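Trainee: Quick one: this structure, given as structure tokens, is what I'll be asking you about.
The values are calculated or read from the model by the stated rules, or taken from the named source; none is laboratory data. In this text, all values refer to a predicted model and were calculated from it rather than measured experimentally. All Cβ positions, even for glycine, are placed from backbone atoms using ideal geometry, and neighbour counts span all protein chains on display. Quick note on the areas: whole protein, heavy atoms, side chains included, nothing else; ligands and nucleic acids left out. Shrake-Rupley method; radii C 1.70, N 1.55, O 1.52, S 1.80 Å.
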Amino acid sequence: MKSATLLVAFTAFALASCASSPPPCEGPQTRNLAAAVDHVKGALGNGCAAHFDRYYDDLLRTAEGDPKPENKRVFSEFLVWSADEGILSQRQAKEYYNRYFNVKFMTLQGDYNNCSHTCPRRDRVLLDMERELGDKERGLLKVSLDNSGYYRADELFKEVELVLEATCTACAAGR
């Protein structure tokens, strides 16, 4: 009798845990960017918002399979939708877009005193910028075929590298 009661309790527990299990947050299984965006919107709206970064990466990968200038607009509209739905803040949506599709570096935003803020962590700042340049390569070159935009971002990176070196040398000399 005890084993029958235990079996019933286990079955009830198993069924209850199935009913309350989180939704399957699978990525899009299509090579079509519009269909992939629709899939991701549905998943994000059904409890998978915690997987936003992975979904964004899935969309970038899908777009890399069919790169074209219009893909920038698709990502912009997706990020606006994400902000409108409350999945991202307006600031986060803007940062996602700019990190991948704008020549300006998000890493250097803000008005910091270079001598006191940037120079002590110059290596970290340059490493973060280098990673962001990789994201810009992905978004500008591989997703949207914006060669001139990517090469402008690459030039800006090199210019910032030189300016930081000179600035930090001057800051060190002035101490």
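Trainee: Please give the helix 2-19 orientation as an angle from the longest Cα principal axis of the chain, in degrees from 0 to 90, rounded to the nearest 10.
Mentor: 40
Trainee: If you split all Cα-Cα distances of the chain into 10 Å bins from zero, what percentages do you get per bin, shortest first?
Mentor: 9, 27, 24, 17, 11, 6, 4, 1, 0
Trainee: For residue 163, what is the net charge nearby, where nearby means another residue's Cβ is under 14 Å from its Cβ and Lys, Arg count +1, Asp, Glu -1?
Mentor: That works out to -2.
Trainee: Would you work out what percent of the accessible area of the chain, with all protein chains in place, is carbon or sulfur (probe 1.4 Å)?
Mentor: Carbon and sulfur atoms account for 55 percent of the accessible area of the chain.
Trainee: Then there is this: Note down the net charge around residue 145, summing +1 for each Lys or Arg and -1 for each Asp or Glu among other residues with Cβ under 11 Å from its Cβ.
Mentor: Result for the neighbourhood of residue 145: -1.
Trainee: How high is the relative contact order of the chain, in percent, counting Cα pairs under 8 Å that sit 6 or more residues apart?
Mentor: 20
Trainee: While we're on this one: Shape verdict for the range 102-153, please, from the Cα gyration tensor: rounded (a/c under 1.5), prolate (a/b greater than b/c) or oblate.
Mentor: Prolate.
Trainee: Let me ask something else. Probe of 1.4 angstrom, ligands and nucleic acids ignored: what's the accessible area per residue over the chain, in square angstrom?
Mentor: Heavy-atom SASA per residue in the chain reads 62 Å².
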